[in-house]
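Working notes, structure below.
The values are calculated or read from the model by the stated rules, or taken from the named source; none is laboratory data. Bear in mind the structure is a predicted one, so any value in this text is a computation, not a measurement. Glycine also receives a Cβ, built like all others from the backbone with ideal geometry; neighbour counts cover every protein chain displayed. Keep in mind that these areas ignore ligands, DNA and RNA; they rest on the heavy atoms of the full protein, side chains included. Shrake-Rupley method; radii C 1.70, N 1.55, O 1.52, S 1.80 Å.
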Amino acid sequence: MKIAIFTKDGALPRELGRFSGVDVYPITANGFTASGYDFIGVLGTDRFILSALHKLAGLDKPIVTIGYGAGYLNTVDVASFSELITGLRRGNYMLESIPTLTTGQGFIAVNDIVIAPVRSATLMEYTLMINNEFVWRDSADGLIIATPMGSTAYALSAGGVLVYAGLRAFEVVPINSTNIARVPLVVPDESRIVINDLLSRSRIEIIADGLVRRGVGSSKVTVVKGPDIKLVRLSLATALDRYRRIIESLVSDLPPSAKLILKVLEYEGPLTPKEIIEKTLIPQRTVRASLRLLVKRGLVNRLVVPRGSSRLVVYAISSGTKLDIK
């Protein structure tokens, strides 16, 4: 068995370099040939993994994701690397087909594609068409088209629903529509979703997974199904098991500040205390107290991870945590 692992700088942590059959490449490697490998791996933070999947989408190889802490995209935590190698060699894994979204502008998105004005709190007018059928004319802060994976992220916070993984469907969610009748829609993944007659006082952008932004070059955007990603799963847990952390955290007795931090870590991946403060706008003292509580309850782990040439203390959702808080 051979596995090629992509990292940000083309280096593996020292403790992972002792395994045979494992080659490492920087994500910027040119001329890479996948034919000699059984699996393609990606090692890094959730954000790096998501960015790497954009580059690897369409590659007809099982993809293994290795992260720091728990995440919806992660096959395993980096601390369980030896278990991963053992599972792959013994064939103790399953493949989950992850759908992606794409547009005429060449975007690939694993979670969602957002069409919205650059300036926040600025309305955007648009017409929504699905399979050449008129759906509505709306005025809103933007529009989200999400995969089942992405239904747990921005789409959920904008009022969408959780779409069960494995369901061949996408979700269309208006952002703060001025018309209460504009409710989220779940459509077959073979649908052709067209957003046209776009109009706003501010420049309109297309945003893929919060990572890639481009201005809309015309008054029309078409979103369709992109290539599937074959994601390796070692656990036989169902999609609902993986969503349980979100569902149970919403009804737990955690303080609001701790809930917000937990949700940010779910969506953003491992963050430093400073990054948590910047993303949540919670005072530093409150962030520290909330992190202590989350660590004490076993919901969050304190980790030391490499970033560039240095190592930083970050906090991440605990691997295997179900957030069953009474």
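To the nearest ten degrees, helix 284-296 and the longest principal axis of the Cα atoms of the chain are 60 degrees apart. Packing-based ranking of 255-262, 196-203 yields 255-262, 196-203, ordered from highest to lowest mean Cβ neighbour count within 10 Å.
The residues packed around Y315, meaning those with a beta-carbon under 10 Å from its beta-carbon, carry a net charge of 0 if Lys and Arg are +1 and Asp and Glu are -1. The long axis of helix 239-250 is offset from the longest Cα principal axis of the chain by roughly 70 degrees.
So what is the relative contact order of the chain, in percent, for Cα pairs below 8 Å that sit 6 or more residues apart? Walk me through the intermediate numbers first.
Working: 666 pairs, mean separation 55.8, N = 326.
With pairs under 8 Å counted, the relative contact order is 17 percent.
Averaged over its residues, the range 108-234 has an accessible area of 43 Å² per residue, based on protein heavy atoms and a 1.4 Å probe. Sorting 76-83, 161-168, 31-38 by their mean Cβ neighbour count within 10 Å, with the most densely packed peptide first, gives 76-83, 161-168, 31-38. Any chance you could tell me what percent of the C-alpha pair distances in the chain go past 26 Å? That tail contains 50 percent of the Cα-Cα pairs.
Assuming a ≥ b ≥ c are the square roots of the Cα gyration tensor eigenvalues, decide whether the range 1-100 counts as rounded (a/c under 1.5), prolate (otherwise, with a/b larger than b/c) or oblate. It is rounded, given that a/c, with a ≥ b ≥ c, falls under 1.5. Leaving out ligands, DNA and RNA, and with a 1.4 Å probe, what % of the accessible surface on the chain is carbon or sulfur? The nonpolar share, carbon plus sulfur, comes to 51 percent. Pairs spanning more than 18 Å between alpha-carbon atoms, out of K61/K230; K259/K296; K55/K230; K8/K263; K55/K225; K230/K263: K8/K263; K230/K263.
Where does the chain land at 222 nm, in deg cm²/dmol rounded to the nearest 500, when only DSSP H runs of n ≥ 4 count, each adding -39500 (n - 2.57), divided by all residues? Can you show the working numbers first?
On the way: 7 runs with 71 residues, N = 326.
Helices in the chain give a 222 nm mean residue ellipticity of -6500 deg cm²/dmol.
Placing +1 on each Lys and Arg Cβ and -1 on each Asp and Glu Cβ, with no other charges, gives the chain a dipole about its Cα centre of roughly 960 debye.
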